[in-house]
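Quick notes on the structure that follows.
No lab work stands behind these numbers, since they all come straight from the coordinates. If you're wondering where the values come from, they're calculated on a predicted model, not measured in any experiment. In this analysis, Cβ positions are derived from the backbone assuming ideal geometry, glycine residues included, and neighbour counts consider all displayed protein chains.
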Amino acid sequence: MSGTTPWISWTILAPLAGATLSVLVARRAVPIAVIASAATIVSVAATVGQVASAGAVSSAAGAWGAPLGITLRADGFGALMLATFGVVGPLVSLQAIGRRGGPRARRFLVLWLFAWASLNALALSADVFNLYVTVELVTLAAVGLIVVERDRRALAAGLRYLLLSLVGSLFYLMGVALLYAATATLDTELLGERVTPEPASWTALALMTAGLCLKAGLCPLHAWVPPAYTSAPPAVSALLSGLIGKAPYVVLVRLWVEVFPGSLGGGAARLLGALGALGIFWGSLLALRARRLKRVLAYSSVAHVGYLFLFFPLGTAGAWAGAAYVAVSHAAASASMFMAVEVVERSVGHDMLDATKGVAHRRPLTFVALGLAGMSLMGLPPSGGFVAKWLLARAALERGEWWWAAVVIAGGLLSAGYVFPILRGAFAPQRRSPELRRAPRHAELVSLSLAVVALALGLIPLRLMALLKLAGRS
Amino acid sequence: MTLETTLPLWVLLTSLIPGVLLFFLPERRHGVRTTINISAACAKLALTAVMVRGVYAGRRYETRIPFLADVDILLRADPFALLFVTLSAALWLATTAYAVGYLEGSPHRSRFFGFFSLCVASTMGIALAGNLLTFFVFYEMLTITTYPLVVHRGTIEALRAGDVYLRYTIGGGAVFLAGVVLIYSLLGPLDFVERGALPLAAREHRVALVVAFVLLVGGLAVKAALFPLHRWLPEAMVAPAPVSALLHAVAVVKAGAFGITRVVYDVYGVRLAHELGVMRPLAILAAFTIVYGSVQALTQRDLKRRLAYSTVSQISYIVLGVAIFGTLSTIGGIVHLVHQGLMKVTLFFCAGNLAEELGIHEVSALRGVGRRMPLTMGAFTVGALGMIGVPPVAGWITKWYLGLGAFTAGEPWVVAVLGASALLNAAYFLPLVYDAWFAAPASVWRAPSGRAEVNLWLLVPTLTTAALSLAVGVFAGFDFSPLGWAKLIARREFAE
């Protein structure tokens with residue numbers, strides 16, 4: 001099998017090679033990054049295509065079989081995440097390529113390629129230890145990205161993120177050790193067969209879940225999120241909030257769906273759901289009070305992490321589709337919003353809420369991007385966010401648990417409360433019209449393209465749904 | 001890809017495509033913009049005419065686009081959809097022409113007409129929606145695309161009105177969505193069907209059905225401006241006159257009333273709705289809103305505010321007609337969708353003419369204005385008489401059918417409500433009309449700048465809609481009149 005499907009390995013090798021080469025040949029960093037990105041996109045597309053036509057594909061790295069070697073496996077969920085990373089990430093990284101290779105842009109590109117390789121590896125990993133390694137690699141890349149501008153606030157936020165993340169990893173690793181002691185395997189499929197309901201496995205699940213929740217920024221463990229997202233450059237925040245923040249969740253889903261499927265819908269799952277609901281309300285309320293655009297978006301990300309966790313108490317295929325759709329559409333919409341904030345910040349010089357005043361007329365593309373991406377965050381149709389909320393609410397009502405549906409709909413209302421003030425500024429009269437500074441044109445276009453992706457997700461959801469169904473695990 | 005499967009989509013696209021194009025048009029290309037606008041409106045009207053003829057001959061037009069596993073986006077031209085499509089398409093043409101004149105020389109016209117077209121596209125989607133999900137998608141699009149029009153002037157008052165508008169409509173949308181999801185999760189996807197889409201088996205979920213009905217109608221009641229969810233409408237009158245016309249006649253409040261009608265007749269079915277016992281409270285609420293709106297209108301000094309409260313009252317005629325069981329009241333309610341639209345758009349055009357030409361905003365400033373602007377005031381008089389219910393203007397037909405229907409259904413109290421409302425309407429319209437024609441002018445008006453009393457772009461649409469309000473009353477007996485068409489719809493809803 002490994003001989004016929006080399007693409008799956010190249011989704012990791014290509015960005016990794018790109019990262020390494022652009023460190024070595026620093027002068028040619030940008031062209032190398034472009035070539036590596038193109039190669040990665042091709043392999044991602046090929047892998048997703050294979051999954052779509054043939055179902056799950058796998059490949060054993062180094063031709064070592066399952067319990068011993070490293071197996072890469074792309075199922076529907078993995079392919080969906082691959083595709084998300086492969087569309088949103090390169091678009092965001094375009095803004096660095098557009099800056100023609102200053103040292104900062106170079107650092108950004110290297111770190112992004114490294115993060116991309118780790119993210120792809122994470123989406124394709126099929127054993128709990130590899131998942132641990134990849135999630136660690138993603139964290140390291142993320143810390144590097146946060147401090148890419150080397151300013152003091154970012155350094156503090158990056159360190160905080162690193163420390164908390166390590167605590168989370170420690171918890172996770174303890175869980176892995178417990179599982180290995182009890183079952184003598186790390187492969188998720190084998191674990192699923194061997195795990196027995198006994199205190200050791202419950203402790204393992206609890207430890208691993210707690211660690212991942214901390215990494216994912218689930219309320220009330222979200223304290224590290226706002227400083228990290230607000231002190232990093234907007235393009236980095238776009239990657240953090242859109243893609244990297246989803247990585248721990250992917251691991252969590254694998255853990256619950258493949259290793260502990262019996263726990264879905266149970267008491268512990270309901271606790272996760274309740275924390276998710278808490279996150280939706282608390283994050284939205286803080287976003288409503290925030291006065292800076294980046295802060296609004298950071299808290300909005302906290303709220304959206306909450307939606308992801310509504311899957312656990314419901315545990316149905318519909319809820320899973322909904323949560324996956326939240327992940328995908330939020331990735332596009334949030335990244336688009338952060339890139340638009342980049343344009344606003346550079347044009348006006350700050351990112352206070354009223355910074356959008358006047359931007360609408362002078363930077364119409366950015367305004368359209370804010371509007372479209374904002375619609376997706378609010379869950380208004382037609383947008384990916386609407387499809388996601390529709391699926392979640394319907395899944396909740398089909399199980400007769402109307403309160404989760406109420407949370408979803410109330411969350412949408414709250415998000416309208418913090419998104420519209422951003423758009424409203426655009427229609428406000430301008431008391432004075434200060435000269436806008438030059439803003440990067442490509443950042444505008446990146447933001448708009450991502451917003452269009454978020455919109456398109458709401459127009460053609462069937463294709464992606466079909467991909468998700470292939471996994472057929474839940 | 002036959003005409004039958006693509007025509008509804010094209011009716012939508014004839015305003016969606018121009019809407020998107022207009023955003024990219026440089027601000028100063030006024031000629032091109034007007035050409036795009038008017039030709040798109042005419043194209044839509046022509047397509048609508050084709051569909052009206054086809055549906056009358058028994059053809060079906062349906063565009064179905066798969067959306068989610070078991071849910072489709074469905075656009076379908078049934079007779080009720082076409083009633084709304086025709087009204088909106090015709091009034092869009094009139095309002096677009098009016099807006100061209102009204103906004104002459106003001107900034108941000110590309111943005112304005114862009115959103116204006118998107119608004120109408122959303123309205124077409126609402127009218128042609130073949131199931132609740134499709135309806136919801138366009139219902140929310142309408143909210144989003146009207147907001148920039150409400151705040152178009154960018155003043156503090158406009159922004160505040162915009163906030164009120166959003167708070168109400170987004171909230172209403174969320175409640176409506178809850179109802180839609182509830183119905184889908186109970187019974188799976190349902191397309192609208194005449195006499196009700198709910199299967200017989202649905203009756204066992206009695207409580208859930210009542211809850212869903214309250215959520216659906218509660219959400220729609222915001223746009224339909226039913227008491228106590230009406231407050232956004234008078235606030236929104238700070239918007240430019242063509243936008244008021246859009247809110248009050250072409251699109252927004254109509255979308256609410258149309259939606260309520262759809263839910264009652266084509267989702268629940270009128271019999272089931274009455275069985276569930278939800279129609280009587282709705283009728284009482286509508287009756288109260290009718291009287292309440294009229295009383296409020298009486299106390300308003302600002303002309304547009306008075307008209308806005310009059311809309312609050314008039315839209316509830318539609319809801320009342322829907323809520324009373326029987327063919328006759330149904331006809332009355334449905335036909336008022338068109339009648340109220342024509343008359344109210346006329347009145348708002350007149351208010352716009354007065355404000356634009358003479359700077360008149362207060363009711364008291366109307367004294368003697370009939371001498372300076374006889375055509376405008378003539379149109380205003382037609383509209384006002386229609387609202388009161390004086391034959392042969394369209395309004396009386398509505399009241400006649402509503403009253404007759406109420407008697408037949410054994411609800412004579414409704415006739416008292418109609419009578420009271422007619423009196424109140426007379427009380428807030430007639431003094432105004434009398435003053436305009438017979439009182440001595442309060443000030444010296446400046447002479448008209450052109451040959452007509454006001455810019456022709458403003459005058460012609462005003463006179464056209466006034467004439468139409470008269471014509472649909474006079475020629476009500478024809479099959480293709482709104483009344484004839486409403487009879488066709490009611491017959492199909494009540495057929496055994």
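Details
- Expected 222 nm ellipticity per residue - DSSP helices of 4 or more, -39500 (n - 2.57), all of chain B, to 500: -24000 deg cm²/dmol
- Projected label distance in nm at residue B:491 and residue A:365, using a 7 Å step from Cα toward the beta-carbon: 5.7
- Taking other C-beta atoms within 10 Å as the exposure proxy, A:20, A:196, A:71, B:398 rank A:196, A:20, A:71, B:398 from fewest upward.
- Trypsin sites (Lys or Arg not before Pro) lying in DSSP loop within the stretch B:103-202, provided at most 13 other Cβ fall within 10 Å: none
- For the stretch B:425-496, the set of trypsin sites (Lys or Arg not before Pro) satisfying both a DSSP loop assignment and a count of at most 14 other C-beta atoms within 10 Å is given as B:446, B:451.
- D_trans [Stokes-Einstein, Kirkwood Rh over alpha-carbon pairs] for the stretch B:1-110, 37 °C, 0.692 mPa s, µm² s⁻¹: 214
- Principal axis dimensions, largest first and in whole angstrom, of the protein assembly as shown by Cα: 96, 65, 48
- Angle between chain A longest axis and helix A:461-471 axis [Cα atoms, degrees, rounded to 10]: 20
- Built amide H within the under 5 Å cut-off of residue A:232, gap 5+: none
- Set B:344/B:399; A:294/A:357; A:357/B:304 screened for pairs whose C-alpha atoms are more than 20 Å apart: A:357/B:304
- Cα shape, the stretch B:59-140, gyration tensor, a/c 1.5 rule: oblate
- Compactness of the stretch A:264-474, taken as the C-alpha radius of gyration over 2.2 N^0.38 Å, stands at 1.05.
- Residue B:416/residue B:2 FRET efficiency (R0 45 Å; Cβ-Cβ; nearest 0.05): 0.30
- Per-residue mean of foreign Cβ neighbours for B:173-180 is 5 (Cβ atoms of other chains, 10 Å radius).
- Charge tally in the Cβ shell below 12 Å around residue B:462, where Lys, Arg are +1 and Asp, Glu are -1, residue B:462 excluded: -3
- For chain B, the orientation-averaged shadow of the C-alpha convex hull comes to 21.7 nm² (one quarter of the hull surface).
- Semi-axis lengths (Å, descending) of the ellipsoid that matches the C-alpha gyration tensor of chain A: 33, 26, 20
- Computed lengthening from residue A:352 to residue A:151, 0.36 nm per intervening residue step minus Cα-Cα distance: 70.4 nm
- Calculated from backbone phi, Karplus (6.51, -1.76, 1.60) coupling profile of the stretch B:196-203 in Hz, x at Gly/Pro: x, 8, 5, x, 4, 4, 5, 4
- Per-residue [θ]222 nm for chain A (sum of -39500 (n - 2.57) over DSSP H runs n ≥ 4, rounded to 500): -25000 deg cm²/dmol
- Residue order, fewest to most beta carbons within 10 Å, for B:51, A:174, A:375, B:124: A:174, B:51, A:375, B:124
- Hz values of 3J(HN,Hα) by residue in the stretch B:373-383 - Karplus curve (6.51, -1.76, 1.60), Gly and Pro given as x: 10, x, 5, 4, 5, x, 4, 4, 4, 4, x
- Relative exposure of B:289, A:203, judged by other C-beta atoms within 10 Å (fewest first): A:203, B:289
- Taking amide H atoms as placed 1.01 Å from N in the peptide plane, the amide H of residue B:368 lies under 5 Å from those of B:436, B:437, B:438, B:439, each 5 or more residues away in sequence or on another chain.
- Derived scalar couplings ³J(HN,Hα) [the stretch A:158-165; Karplus, 6.51 cos²θ - 1.76 cosθ + 1.60; whole Hz; x for Gly, Pro]: x, 5, 4, 4, 4, 5, 4, 5
- Shown here are the Rg and Dmax of the Cα trace of the stretch B:299-496, at 17.8, 64 Å.
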